[in-house]
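One structure is given here, and the rest of the page talks about it.
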Amino acid sequence: MERGEIADLRVREAEDLKALLGACTSVRLRAVIEAELRAALASLIELAADLTEVRRLLAEARRQNSRALLERDAVRLEAALAGAPPLLAAAFAEGLATPTPIAAGLPDFCWRSPHKQPLPVPIVSAGEPAEVMQRLKAGEPFVLTGSRLCMSAVGKWTPAYLCAHFGETALCTVFESADANFRYWDGRKNRGNYHFPDEAHTRKELLTMRDFYAKTRRALTNPAAPRAYLQTGLVEGVGAQLVRDFARFDWAWAKSLSATLGWGALSSNVVFVGMAGHTTPAHFDEQQNLLAQLCGRKRLLLWRPADWPCLYPFPLFHPCDRQTSLDLRAVDLAKFPKFADAQPLEAVLQPGDVLFLPQYWWHHVENLDDDCVSVNFWYVDNAQRDVQLPISEKANVALRRNVERMMAEKAGTERAHAVFAELALGKPEAELAEDTRSVLDYARVLLRNVFTSEEVIERWLVELTVGRFT
Ligand SMILES: O=C(O)CCC(=O)C(=O)O
């Protein structure tokens with residue numbers, strides 16, 4: 001029996017057993033059904049791990065033009081496993097199965113969640129266009145396999161190829177960091193006058209592709225050398241060969257999404273060239289994003305916009321706005337207890353995969369291989385400005401940012417910070433200074449347009465500030 005057929009059977013079997021378990025009241029029978037269900041789920045987890053391996057082999061075979069057999073296997077297995085994610089998610093949540101098929105084979109430098117185990121990001125084949133469209137509309141992340149989006153560059157845009165073909169004089173944006181963790185920042189945002197010693201963080205420089213390439217080759221043999229991560233827009237001067245490859249991206253599909261899904265226009269493509277271990281810390285963007293993997297593998301941990309309070313983002317007017325203020329490798333739970341509640345999702349992108357990364361979703365990104373190349377497609381934010389009620393988790397993030405902005409405009413950035421800090425301390429209203437109360441009242445007036453309950457407003461304000469304005 002093919003693995004796809006086995007997976008089909010297992011999914012159906014697990015669904016039936018789950019329904020049976022829900023209906024069964026006998027303790028003895030429940031134990032039997034539960035054991036069967038655990039076995040079916042364990043087999044599904046194994047098959048999902050097989051799929052990862054099959055896809056890796058497929059990428060390899062694609063380069064060697066011997067893919068027909070594997071491709072059939074992958075397509076069949078992928079289709080059969082399409083029904084598995086909700087089933088597995090529920091099983092993980094109920095403790096009926098233990099994740100994670102991915103984590104087992106990861107390099108040591110990868111982040112491992114000490115709290116909630118990551119759930120797999122669903123995988124959808126481009127051979128199922130209706131399913132793809134439905135998932136894009138739903139605004140939830142998924143990995144698209146077999147996509148034609150960047151076919152002309154998959155497996156081809158290696159660092160060496162980029163070095164050979166990128167314009168000789170074109171300058172690329174490169175971040176340099178003393179270690180593999182790239183803490184990005186933008187000094188122009190520092191309206192809050194936060195103490196932020198620039199030299200302790202990444203440095204941005206402009207290099208030709210050739211100089212960047214030479215630098216990374218040196219770093220390969222010297223682990224103590226600073227790390228360089230290229231993140232540059234695809235603009236003029238990239239060279240005729242790259243322009244030819246780029247012109248063959250599936251622009252018709254990429255552009256059609258703006259009209260079909262009401263997204264803004266495609267705004268930019270950023271190429272990322274990194275080495276094993278390079279990490280982009282958890283942050284969110286305000287744009288919709290398709291992240292296409294071209295060479296090497298990239299791992300992403302995602303969190304829903306609803307987990308915003310659990311990741312304690314830097315204040316809006318901090319140079320690290322939109323990033324978590326936590327160092328995920330050593331979170332002090334006494335100070336940041338909500339982090340333990342954040343539920344990560346996990347994806348490992350292989351060359352050819354495209355991740356749909358919806359706006360406001362948190363992402364922590366790890367390069368798994370030395371020649372790791374991706375390109376993203378950012379669409380400008382076309383968010384509805386009138387808040388729809390009840391407020392969605394994405395709109396709630398936008399609302400938090402608006403309230404922070406409006407408070408800063410009203411009271412000045414530093415004063416607004418001080419008010420938020422007092423609020424975070426949980427002082428009773430009567431103990432707050434008169435002008436603190438008047439600034440807070442301004443926020444309350446704004447929030448009454450969205451929430452009807454004063455209690456909800458007070459809770460919302462505390463959640464906005466706790467752990468972020470010390
Ligand atoms: O690949 C990376 O390191 C970061 C990618 C990213 O954050 C993005 O495309 O929004």
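The values are calculated or read from the model by the stated rules, or taken from the named source; none is laboratory data. Since the model is a prediction, treat every value here as computed from it, not as a measurement. As a convention, Cβ positions derive from the backbone with ideal geometry for all residues, glycine included, and neighbour counts pool all protein chains shown.
Structure values in brief
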{"item": "Candidate set: segment 207-248, residues that are within 23 Å of the chain's Cα centre (by Cα) and over 15 Å from C163 (Cα atoms); chosen: the one surrounded by the fewest Cβ atoms within 10 Å (Cβ to Cβ)", "result": "G233"}
{"item": "Qualifying residue in segment 359-371 (condition: more than 13 Å from the ligand (Cβ to nearest atom), modelled with pLDDT of 95 or more, more than 21 Å from A180 (Cβ to Cβ) and in the same structural domain as A254 (by TED's automatic domain parsing))", "result": "no"}
{"item": "Counted residues, segment 188-205 - those being at pLDDT 90 or above and within 24 Å of the chain's Cα centre (by Cα)", "result": "3"}
{"item": "Wholly within segment 351-430, strands (runs of 3 or more DSSP E) carrying at least 1 residues that are crowded, with 16+ Cβ neighbours inside 10 Å and in contact with a Gly (Cβ under 7 Å, 6 or more places away or on another chain)", "result": "362-367, 372-379"}
{"item": "Segment 358-379 residues that are basic (K, R), paired with ones that are more than 8 Å from the ligand (Cβ to nearest atom) and modelled with pLDDT of 95 or more (beta carbon under 9 Å, 6 or more apart)", "result": "none"}
